[in-house]
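Okay, structure first, notes after.
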Ligand code: PMP
């Protein structure tokens with residue numbers, strides 16, 4: 001991976017290689033921790049974090065859900081992320097990974113009283129599903145693994161433990177020769193990708209499921225805003241697997257994945273097998289926003 005100079009941990013900036021934990025770190029054993037994934041883009045006015053406040057708010061909400069008391073305020077954590085990017089002097093686009101975890105000093109499942117640690121790392125990271133995928137679309141497999149049901153997990157939290165589910169789905173898809181997994185919910189409707197929300201286009205209508213069985217995605221919300229602004233009709237409703245097969249277009253959205261077209265699902269070619277027209281329009285609009293070219297969305301950028 002692309003190492004950077006400094007990582008922020010519990011109030012201090014420390015060298016990248018010194019950001020270590022004990023093997024009896026509580027989160028390593030029992031999986032209670034929360035994190036974020038945020039991007040910063042090199043705009044013509046310098047590096048800017050996209051929707052910093054929304055990501056930081058979601059981080060704190062995730063911690064609240066899993067009963068972890070965070071010893072830093074939203075304002076403090078936002079300032080730290082800006083300072084981290086300034087100090088690391090990045091030349092390319094950056095991915096920011098705040099992590100809140102329970103540390104060494106207490107074992108057993110009753111986690112209250114375990115020390116809480118907050119770390120924020122950042123490094124240069126390009127397209128998550130590949131540059132080629134952004135342009136030509138990726139091949140996707142509906143997963144045999146059901147997305148964590150809301151009856152037993154907390155889908156509104158970006159919780160460490162939720163990602164065993166995602167990892168197994170991703171592994172299965174890659175091993176089968178696909179690039180990403182599409183997970184169904186426990187009733188068989190489309191939930192989300194292993195780390196992305198999902199959209200289709202049918203007869204000019206943009207459709208994405210409600211967030212009952214997906215993370216409340218910041219990229220999804222941005223794309224919906226862009227679509228409404230362009231008078232593209234939008235529906236938030238459940239989608240079945242066979243409806244995906246006959247969609248005109250499909251794409252994933254996520255901070256890491258950005259807007260990635262899908263050209264094939266389970267061996268069925270989607271539309272003409274290329275990035276669809278509406279997908280392209282929304283992808284370009286999204287990049288105009290994150291790179292600061294669309295001035296009407298400047299409020300989503302925090303320049304370092
Ligand atoms: N679903 C899951 C499971 C994710 O991990 C992510 C990535 N954070 C998303 C959806 C997309 O969320 P966002 O657009 O806020 O990055």
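Where a number appears in this text, it was derived from the coordinates with a stated rule and is not lab data. On a predicted model such as this, the values are computed, not experimentally measured, just so you know. Every residue, glycine as well, gets a Cβ built from its backbone with ideal geometry; the counts of neighbours run over all protein chains shown.
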Scaled to the compact-protein estimate 2.2 N^0.38 Å, what is the alpha-carbon radius of gyration of region 1-95, rounded to two decimal places?
1.16
Can you compute the modelled spin-label distance between residue 241 and residue 61, with each label point 7 Å from Cα toward Cβ, in nm?
3.0 nm
If each DSSP helix of 4+ residues adds -39,500 (n - 2.57) and the sum is divided by the residues in the chain, what number results at 222 nm, nearest 500 deg cm²/dmol?
-8000 deg cm²/dmol
Relative to the present Cα-Cα distance, how much length would full extension add between residue 152 and residue 2 at 0.36 nm per residue of separation?
50.4 nm
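Give me the percent relative contact order of region 6-124, please, defined on Cα pairs under 8 angstrom at least 6 residues apart.
Reported as a whole number, the value is 37 percent.
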Helix 163-175: inclination vs the chain longest Cα principal axis, degrees, rounded to 10, gives 50 degrees
Quick shape check on the chain: root eigenvalues a ≥ b ≥ c of the Cα gyration tensor, a/c under 1.5 is rounded, otherwise prolate if a/b tops b/c, else oblate, and it reads oblate
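With a 10 Å radius around each residue's Cβ, average the other Cβ atoms per peptide and rank 139-149, 84-94, highest first.
Going from most to least packed, we get 139-149, 84-94.
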I need 235, 83, 179 ordered by Cβ neighbour count within 10 Å, fewest first.
235, 83, 179
How do 183, 1, 168, 107 rank when sorted from fewest to most other Cβ atoms within 10 Å of their own Cβ?
1, 107, 168, 183
Label residue 83 and residue 44 with points 7 Å out from Cα along Cα→Cβ: what is the distance between them in nm?
3.3 nm
What percent do you get for the relative contact order of the chain when only Cα pairs under 8 Å and 6+ apart count?
20 percent
What is the distance in Å between the Cα centres of region 29-95 and region 228-294?
26 Å
Relative to the longest principal Cα axis of the chain, at what angle does helix 52-65 sit, 0 to 90 degrees, rounded to 10?
70 degrees
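Take 150, 70 and order them by how many other Cβ atoms sit within 10 Å, fewest up front.
150, 70
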Spacing of the two label points (7 Å from each Cα toward its C-beta) at residue 22 and residue 172, in nm
3.8 nm
